[in-house]
Amino acid sequence: MAHSANLISTDDLARQLGAPAVRVFDCTTYLKPGPDGRYVAESGRANYDKGHIPGAAFLDLQADLSDKNSKLRFTLPPLEELTKAFAAKGVGHGTFVVLYSHGSPIWASRIWWMLRAVGFDDVAILDGGLDKWKAENRPLSTEATSHPAATLTLRGRPEIFVDKDKIKGAIGAPDTLTLNALSLDQHRGTGGVVYGRAGRIAGSSCVPAASLFGPDKALKPIADLRAAFEGVGAAPDKRVLVYCGGGIAATLDAFVLTALLGHKNVSVYDNSMQEWANDPGLPMQTG
């Protein structure tokens, strides 16, 4: 296991469960193939109700933490609104937040990155998530939990999310690496779910988010993670802009780069390929 203040083991969480300041959240969303070949997003609430980590509340990314005025899925809301939404869920000064998800850590990393955007840093992702917790036969609860509302002050980092203009402006810039967190087949345009035109943002490299964790959903050893990013030229002195289909998987690459590998200049393209691939004026590549 990689060691970081922002990554917590199942053993450490088990010891801390029930502590007054600890706030645990299940962040799960499921993406299921739809009839048109694209993903349909489904809340993880039903699975939460069947069994979750004791004391965990549920965060519904699409219903409660996304911009309802956006035509695109999972768009980041204004940071002032997001801060109020997190505070209402019990995230605030003096609390320590633990995020987990089921099936993939990308949902926990998306919420982690959003909390970082509003300036809240006392938050960790559960390594291995609910999958590892259940595999170790740890206790589950079917009792729904709601944390009391808290006080949270916005200390925004708007620069850690970027838009299509920033991505377009970075194409060909020697000091910037644009990085795709989708699969290699999607990157090459040879397979997988397509968000519009097949392929990748022109000039981008690829470190698939799914390659960063093992079958137990825990992140791979730090040496393996470092080698994956060094292999595409993600040097610590470069600015790294990460994208995916809808700004979710990209946050796992961003989490590893910042929380585990110490990179200081990483941003996520929020609307990612669901926006880029449907704008014929934006350059793409295949192969």
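Name the residues in the stretch 259-284 that are among the aliphatic types (A, V, I, L, M) and part of a loop (DSSP other than H, G, I, E, B), would you?
Once the filter is applied, which keeps residues that are among the aliphatic types (A, V, I, L, M) and part of a loop (DSSP other than H, G, I, E, B), the stretch 259-284 yields L261, A277, L282.
Which residue pairs have Cβ atoms closer than 6 Å, lie 6 or more positions apart in sequence or on different chains, and pair a first residue in the stretch 171-191 that is in the same structural domain as Y243 (by TED's automatic domain parsing) and in contact (Cβ under 8 Å) with a residue 60 or more places away in the chain with a second residue that is part of a helix (DSSP H, G or I) and of a type in the set (A, V, I, L, M)?
T176/A170; T178/A170; A181/A209; A181/A250
How many residues are over 22 Å from A21 (Cβ atoms) and either touching a Phe, Trp or Tyr at 6+ places or on another chain (Cβ under 7 Å) or not in a helix (DSSP H, G or I) (or both) when one looks only at the stretch 66-100?
The number of residues fulfilling the criteria is 13.
Restricting the search to the stretch 1-26, which residues are within 21 Å of G94 (Cβ to Cβ) and among the hydrophobic types (A, V, I, L, M, F, W, C)?
Within the stretch 1-26, A5, I8, L13, L17, A19, A21, V22, V24, F25 qualify.
The values are calculated or read from the model by the stated rules, or taken from the named source; none is laboratory data. This is a predicted model, so every value here is computed, not measured. Ideal geometry is used to build each Cβ from the backbone, glycine not excepted, and the neighbour counts take in all protein chains shown.
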